[in-house]
Amino acid sequence: MELTKGLIAILLTAILTQNFVLSKFLGICPFLGVSKKLNTAVGMSAAVIFVMALATAATYPINTFLLEKNGLGYLQTIVFILVIAALVQLVEIILKKYIPALYSALGIYLPLITTNCAVLGVVILNVDNGYGFAQSMFNSVGAGLGFMLAMVMFAGVRERMESCDIPKFMRGLPITLVAASLVSVSFLGFTGIVEHIFG
Amino acid sequence: MAEKKSLFKEFSKGIVIENPVLRLVLGTCPTLATTTSVRSALGMGLAASIVLVCSNIVISALRKVIPSKVRIPAYIVVIASFVTIVQMLVKAFTPELDEQLGVFLPLIVVNCIILGRAEAFAGKNPVLASAVDGLGMGIGFTAALFLMGTVREVLGAGSFLGLSIPVLSQNPMLIFILPPGGFFVFGMLMACVNRLAESRGKPRAELRGCDACPMAATCKLHNEPKPEEPQEKEATA
């Protein structure tokens, strides 16, 4: 019981209070770049959740049983980025061959994700926080869901902004960033909520 | 003489005209995350610059050896090695900076500026020019971070480099060092830069999204309209 409670707390923290995009600033490039339309935003974030979970499942055993056991912790960065890059390629090939439907939905976003700092970020944070396997998985899925929530909300905001009369010097990137700032303020409202529920 | 002049041009373009953060809109994640104080902003800028210069030199020296099909993984390995070196140095000599930068220190690996310069410049140009290009871009990145860090620390904490400023430190506007303040200050800075650029007849910095991404060349989302893409992709897969 205590364990499940802890896991749910990690999940909620990753989605709401420590949202990857809006309070940790990880994955800002796709957040600003791919959030123009709702359907691309959903597709991209689904791919991110998928890769985050896979990357965590792959890097956790490598880190615990290979690197840390042999005192090679300093190789973390190199090993993780290579594992993620190889994994994304592999997943792409497998999906293309065996599950074409899923491939056509997520495939186009996969190469983008290799160099996405959110994926490498979540893997490194799991190690830094000393999470076990279940905790790491929950944290990764939560981070992915948080990414999706932020993307979908922001896509809605941006679709509204298309029809607004914005002062000329603010058009384009500046107003997008200010809007992101306001969305981020709304997430500040979640501060402390997880501690209150589970504390 | 002409060569010297062009080298200076490579150097100076990174600082103002093609400033990676303010004009090319690259490396937004560290820009937003590490500018809560001037000190961590400078630390991040310096760390990224060192990696950028070193990786540019090595990649440009190896540019004829690396086959173009596996160039991105090769670049990533080179960059990751230098990031690991910098990470160890920072951990050993300035542990407090390591704490402030946290996960963003290893994340220099996926910083778009570094991979972007490798792909756009170092992979095609001689060693000296690449080193100079990396230095210019690094200084431009550091300068932009310094600017953001100054605004956020002065307004949000009422101090500069840790020294408190008399009136402002009484009631600092905390929101500026919180995440929303990062987005807001960056947005305002971009508005100012765009205004300046426009008044000089230069194009404004646009959010180019995928175009700015170093993976754009290999990405299918980006290349979708092109009909010849599928065959090429199969060849690389």
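The single condition among (1) surrounded by 21 or more Cβ atoms within 10 Å (Cβ to Cβ); (2) closer than 26 Å to B:Lys9 by Cβ; (3) of a type outside the set (Asp, Glu) that B:Ala80 does not satisfy is (2). For the range A:46-63, the condition holds for at least one residue, the condition being that it is over 18 Å from the mean Cα position of the chain (by Cα) and either surrounded by 17 or more Cβ atoms within 10 Å (Cβ to Cβ) or not aliphatic (A, V, I, L, M) (or both).
Restricting attention to the range A:182-199 and to residues that are among the small types (Gly, Ala, Ser) and farther than 25 Å from A:Ala155 by Cα, the residue that is modelled with the lowest pLDDT turns out to be A:Gly199. Quick test for you: out of A:Lys96, A:Lys37, A:Lys24, pick the one residue that is away from chain B (no Cβ under 11 Å) and among the charged types (D, E, K, R). Of the residues listed, the single one that is away from chain B (no Cβ under 11 Å) and among the charged types (D, E, K, R) is A:Lys37.
Summed over the range A:172-189, the residues that are touching a residue at least 24 places away in the same chain (Cβ under 8 Å), among the small types (Gly, Ala, Ser) and within 7 Å of chain B (Cβ to nearest Cβ) give a count of 2. Looking for something facing chain B (nearest Cβ under 8 Å) and in contact (Cβ under 8 Å) with a residue 40 or more places away in the chain - is there at least one such residue anywhere in the range A:121-144? There is at least one residue in the range A:121-144 that is facing chain B (nearest Cβ under 8 Å) and in contact (Cβ under 8 Å) with a residue 40 or more places away in the chain.
In the range A:8-23, how many are within 10 Å of the chain's Cα centre (by Cα), in a loop (DSSP other than H, G, I, E, B) and among the aliphatic types (A, V, I, L, M)? First the steps, then the outcome.
As a first pass, look at the range A:8-23 and keep what is within 10 Å of the chain's Cα centre (by Cα): A:14-15, A:19-21.
From the residues that got through so far, the ones that are in a loop (DSSP other than H, G, I, E, B) too are A:19-21.
Retained after the next criterion (residues that are among the aliphatic types (A, V, I, L, M)): A:21.
Adding up the residues that qualify gives 1.
The values are calculated or read from the model by the stated rules, or taken from the named source; none is laboratory data. As the structure is a prediction and not an experimental result, all values here were calculated from the model. Note that each Cβ is placed from the backbone with ideal geometry, even for glycine, and that neighbours are counted across all protein chains shown.
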